[in-house]
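Colleague: Below you'll find the structure I mean.
What follows draws every value from the coordinates through simple rules; no lab data is involved. Please read all numbers here as calculations on a predicted model, not as lab measurements. Cβ sites come from the backbone with ideal geometry, for glycine too, and all protein chains shown count toward neighbours.
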Amino acid sequence: MEDLPRDPFADDPDDPAEALGGLEDGEPLSPAERDEAITDLADVEVFRSLLEPQGVLGLVLDCPECGEQHYFDWELLRGNLRQMIDNGQPQVHEPAFRPDPTDYVSWEYARGYVDGVIDTEERR
Ligand SMILES: [Zn+2]
């Protein structure tokens, strides 16, 4: 027999992971994950301040759980990150409803856009 750690909910009909659609991440955030969420929140605020005036409604992110892309508007992104930081709970799986993909950009695009703006301002 292999000496694997036993799922504490293996025989429990009230397995909390079941309620989350089989997700295993009902655990609280680690300090590193919390730090990352704080950094992400700061990034999101900068992205929003520069991109919202351009008509960008939010970000499209690859979902680590279902492998598809999800669209998050700025308020939802901020709310999710705040919740992770304040409550130590992982992100809620709640993408925007029927988004227009042209209104959203990727995290990488936002990052590049912000870096470009900062470069331009430094050269003035
Ligand atoms: Zn998903």
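Colleague: Each label point is 7 Å from the Cα along the Cα-to-Cβ direction; what then is the distance between the points at Q83 and E108, in nm?
Modeller: Result for the modelled spin labels: 2.8 nm.
Colleague: Rg/Rh for the range 32-123 to two decimals, with Rh computed the Kirkwood way over all alpha-carbon pairs. Mind showing how you got there, number by number?
Modeller: Numbers: Rg = 13.5 Å, Rh = 13.8 Å.
That ratio equals 0.98.
Colleague: Same structure, new question: Give me, ordered by chain and number, the residues 5 or more places off G58 or on other chains with an amide H under 5 Å from its own placed amide H.
Modeller: Correct list: V105.
Colleague: Related question: Please give, to one decimal in nm, the separation of the simple spin-label points placed at D35 and E75, each 7 Å out from Cα toward the Cβ.
Modeller: 3.3 nm
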